[in-house]
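Take a look at the structure below.
The values are calculated or read from the model by the stated rules, or taken from the named source; none is laboratory data. Values in this document were obtained by computation on a predicted structure and should not be read as measured data. A quick note on method: Cβ atoms are made from the backbone with ideal geometry, for glycine too, and the neighbour counts reach across all protein chains shown. What goes into the accessible areas is simple: the full protein's heavy atoms, side chains included, and nothing from ligands, DNA or RNA. Shrake-Rupley method; radii C 1.70, N 1.55, O 1.52, S 1.80 Å.
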Amino acid sequence: MFKTLRRLKSALSKEMSHSDLTTIIREMNPDYLIDQRMKALQDLMRWIRMPIKQTDPSTEKSHIHQKDVRFKFLMQFIERNPEEGKFFIETIREILGHGVAIRLYYLTGVSENTGFISELTDRIIQRTLPHILGEKDLAEIFRLIFTEVEDAEWFEASYKTILPPIFDLIQKNNISTEGLVKDQHEALIILGAQISSLGVSKGIRTRLDYEKLSDSSFVRLSKVINNSAESDSRILEEVSLCQINLQKVKRKIESTGVSVDLIYNIERIKSLLYRVEMLIYLRQANDGETQNIIISRFIGRLIRDEIQRLSIKDFLEEHMKMLTKKVVERAGEKGDHYIASTKIEKRDLFKAAAFAGILTAFTAVFKVFIGHIGLSLLFEGIFYFINYAVAFLLMQRWHLALSSKQPAFTASALSKKFEEFIQTKELADVTSEVRKISYSQYLATLANLLLAIPTALVLDWTYFWVTGQHIVSEMYAAEIIQKHDPLTSGTFFYAAFTGVLLWLSSIVAGGVENWVVFRNIPQILRESSFLNNYLGKEKARSWSHKFAPMVGAASGNIAIAFMMAFPIIIGKITGLPIDIRHVTLATGTITLAFNAIPWDVSLLPVMGLMMMSIIMMGCLNFGVSFFCAIKMAATARDIETKYLRIIFRFAFSKKAEKESES
């Protein structure tokens, strides 16, 4: 719809309404500058795209039919107007000269940047800045003229209408096309060199098994292309071997670590190999009809590849998908520890969550002390960060379970079951997993709060017994209650924001673990002579095996500590309404506030309001974090949203309850 509107806007614009075909063709005068003549070619393609007047309003013609009508009119115009036709012919003669098609063959629709960041930057620049004719060759001209996918559809569907008149025009006017054939071979040589260079790069080379670089199929392909005695079938055979090796590399990185730069290089090699195949088929086409079909498919493919090459969204989706999947898998491995199935696992989870509640109460007390010391904002933020980081790292060291951190990891673990459901369409296993996760979340939350509240009370009364005053003053207690009021404060939004931060911390944990594995750091540690001598071989091997998940978890804990500490400081500095609401920490703080206020019956409604606030914070912390994680996992594993709705709707239905009981 938007493309149609753009064409209509272009057709109704002042520039197009005052530029008829005669004016456009006259702008191709060989005496004019090349930029002006190429602009005329661009205007000519716009003119071909313009909708034609419908003789019968009830029948709407396709864009292909409308382009055909205008193209036929163009050919007739050139034939009947020799002076304007000469301008058009001379322009065609110039752009088909020797050497101008090399970059069209090997570069159009294929990236020439060396890395992910440089390619992304280049795409952003090309999408935001107007395109100019940088070099006088077919690649630049092609990019300037063909800008819509419908152009490719037109070429592929109407090759019988387009190509024969063009070939007749070339033949009648003795326009040489030998340069195009020579350029094909030179383009193949360049493609072979690029494939060879990328194929022996460290990321690819270390994931394939061969003794010498000369044994690499990527190197052999370049040699075969450069050897004029080799047949086209031999080149295609080496292309197939290269594609097989790329699949091996992809399988290996799926089982280990992955980086966007490696994915970028793999996708780039795939594009180059496909281009080699296309050029070989183009070179083999001799028969008139077959040649026309292959040429039309080749041009259509180039148009699509070039349009896709400029797409930022497609580029990010294509290259981030595998990395996202690996991050989700890493997070899912941690999520398995939070899912309790047996009675022993449920007991262990409750115990781990109970001790986490105790530790969180201490964290809440230290948070209050830090806020009352009167530090500068920077140091206040640093001490908040240290307080949270120490608490979360101790939980990791002692294998404790904080309920608010569970959803992001359990959602990733659950996504593995989704893949099984997509294949079998059996709901029993996946819904059983959903119910286990829900119960585990309830159990951990209950244990956190049941121990956080009495621990906060014990700490407060101990402090009162020693100092004669509560940890929180009456004035500050009233401020705490007001800040957590679910009706008049921003608690709803802050709790949702905290849920997002909890999810982001799981991404950090999975991403860092993936990076450690991708860089082979566990293997380096395992083979370290220092560690083997200091710890012994068995301990060094065991420690190196645990290193990646340990560092990943620690990174996630440090990340959430930072994200919980500094938004508050940023809010104070800027005056923006930024804050966090972590359910367990908030529960400990609210407990300290109520213990500092003299008891009165009038506090009962306020206590009820705070209970509602705690429930709301818990639901938002868990719900938002789980939603973000499950959406990310579903996207990474190609699971449609409709299946998520089916699974969760069935998981909590009465039918599912009966099946679980049976």
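Specify the longest stretch of the chain that does not include any exposed loop site, a site being one of the GluC sites (Glu not before Pro) with a non-H, G, I, E, B DSSP assignment and at most 16 other Cβ atoms within 10 Å.
Answer from the scan: 231-425.
Using unit Cβ charges (K, R positive; D, E negative) and no other charged atoms, how large, in debye to the nearest 20, is the dipole of the chain about its Cα centre? Before the final figure, lay out each step's value.
On the way: 80 positive and 72 negative charges, 263 e Å.
For this selection, approximately 1260 debye.
If you take the square roots of the eigenvalues of the alpha-carbon gyration tensor of the stretch 563-650 and sort them as a ≥ b ≥ c, do you get rounded (a/c under 1.5), prolate (a/b over b/c) or oblate?
Values: a/c = 3.85, a/b = 1.69, b/c = 2.28.
Taking the square roots of the gyration eigenvalues as a ≥ b ≥ c, the stretch 563-650 is oblate.
Short version: ³J(HN,Hα) in whole Hz for each residue of the stretch 344-359, in order, from phi by Karplus 6.51 cos²θ - 1.76 cosθ + 1.60 (θ = phi - 60°), x for Gly and Pro, what are they?
Values, residue by residue: 5, 5, 5, 5, 5, 5, 4, 5, 5, 6, 5, 5, 5, x, 4, 5 Hz.
For the stretch 249-313, what % of the accessible area comes from carbon and sulfur atoms, probe 1.4 Å? It would help to have the intermediate numbers written out before the result.
Working: 1350 of 2660 Å².
Carbon and sulfur atoms account for 51 percent of the accessible area of the stretch 249-313.
If you find the alpha carbon centre of the stretch 344-397 and of the stretch 550-593, how far apart are they in angstrom?
10
Determine the shape class of the stretch 495-643: with a ≥ b ≥ c the square roots of the Cα gyration tensor eigenvalues, call it rounded for a/c under 1.5, and otherwise prolate if a/b is greater than b/c, oblate otherwise.
On the way: a/c = 2.71, a/b = 1.87, b/c = 1.45.
Judged from the Cα gyration tensor, the stretch 495-643 comes out prolate (a/c at least 1.5, a/b above b/c).
So how tilted is helix 34-49 from the main axis of the chain? Cα-based, degrees 0 to 90, rounded to 10.
So the inclination is approximately 80 degrees.
Treating the angle as unsigned and between 0 and 90°, give the value, to the nearest 10°, between the Cα long axis of helix 312-335 and the longest Cα principal axis of the chain.
Result, in degrees: 30.
Okay, helix-only estimate at 222 nm for the chain: each DSSP H run of n ≥ 4 adds -39500 (n - 2.57), divide by all residues, round to 500 deg cm²/dmol; what do you get? Spell out each step's value before the answer.
Working: 31 runs with 517 residues, N = 662.
The helix-only estimate for the chain comes to -26000 deg cm²/dmol at 222 nm.
Looking at Ile141, Val260, Met610, which one has the Cα that reaches farthest to the positive end of the dipole of the chain (charges on Cβ: Lys, Arg +1; Asp, Glu -1)?
Positive-end residue among those listed: Met610.
Work the Kirkwood hydrodynamic radius out for the stretch 493-560: mean of 1/r over every pair of different alpha-carbon atoms, inverted, in Å. Spell out each step's value before the answer.
Numbers: mean 1/r = 0.0765 Å⁻¹.
The answer is 13.1 Å.
Considering only protein heavy atoms, with the full assembly of protein chains and a 1.4 angstrom probe, order Met612, Met75 by accessible area, largest first.
Numbers: Met612 90, Met75 35 Å².
Heavy-atom accessible area, descending, gives Met612, Met75.
Filter the trypsin sites (Lys or Arg not before Pro) in the stretch 167-237 down to the DSSP loop ones having no more than 13 other Cβ atoms within 10 Å, then list what survives. Could you put the intermediate results ahead of the total?
Details: sites: Lys172, Lys182, Lys202, Arg205, Arg207, Lys212, Arg220, Lys223, Arg234; in loops: Arg207, Lys212.
Hits after loop and neighbour filter: Lys212.
Can you give me the solvent accessible area of Asp35 with a 1.4 Å probe, rounded to the nearest 10 Å²?
90
Leaving ligands and nucleic acids out of the surface, order Ser473, Ser555 by accessible area at 1.4 Å, largest first. Don't skip to the end; give the middle numbers.
Numbers: Ser473 60, Ser555 30 Å².
The residues order as Ser473, Ser555, largest area first.
State whether the stretch 107-241 is rounded, prolate or oblate according to the following rule on the C-alpha gyration tensor (a ≥ b ≥ c being the square roots of its eigenvalues): a/c under 1.5 gives rounded; otherwise a/b larger than b/c gives prolate, and the remaining case gives oblate.
It is oblate, given that a/c is not under 1.5 and a/b is not larger than b/c.
Which whole-Hz ³J(HN,Hα) couplings does the stretch 156-162 yield from phi under the Karplus relation 6.51 cos²θ - 1.76 cosθ + 1.60, θ = phi - 60°, glycine and proline marked x?
Values, residue by residue: 5, 7, 10, 4, 5, 7, 8 Hz.
With a 1.4 Å probe and all protein chains in place, put Asp209, Asp183, Asp314 in order of accessible area, largest first. Numbers along the way, then the final one.
On the way: Asp209 140, Asp183 0, Asp314 60 Å².
Reading off the accessible areas and sorting them downward yields Asp209, Asp314, Asp183.
What figure, in Å² to the nearest 10, do you get for the accessible area of Asp600 with a 1.4 Å probe and non-protein molecules left out?
Ignoring ligands and nucleic acids, Asp600 comes out at about 80 Å².
Each residue of the stretch 238-247 in turn: what ³J(HN,Hα) in whole Hz from Karplus with 6.51, -1.76, 1.60 and θ = phi - 60°, glycine and Pro shown as x?
Whole-Hz 3J(HN,Hα) from phi for the stretch 238-247: 5, 4, 4, 5, 4, 5, 5, 5, 5, 5.
At 1.4 Å probe radius, can you tell me the per residue accessible area of the chain in Å²? Intermediate values should be presented prior to the final figure.
Values: 33690 Å² over 662 residues.
About 51 Å² of surface per residue is accessible.
Ignoring everything but the protein chains, give the 1.4 Å probe accessible area of Met632 in square angstrom, nearest 10.
Surface accessible to solvent at Met632 totals approximately 40 Å².
Would you mind counting up the charge near Thr584? Only other residues with Cβ under 13 Å from its Cβ, with Lys and Arg at +1 and Asp and Glu at -1.
Values: positive: Lys367, Lys405, Arg581; negative: none.
Around Thr584, the surrounding residues sum to +3.
Relative to the longest principal Cα axis of the chain, at what angle does helix 178-199 sit, 0 to 90 degrees, rounded to 10?
20
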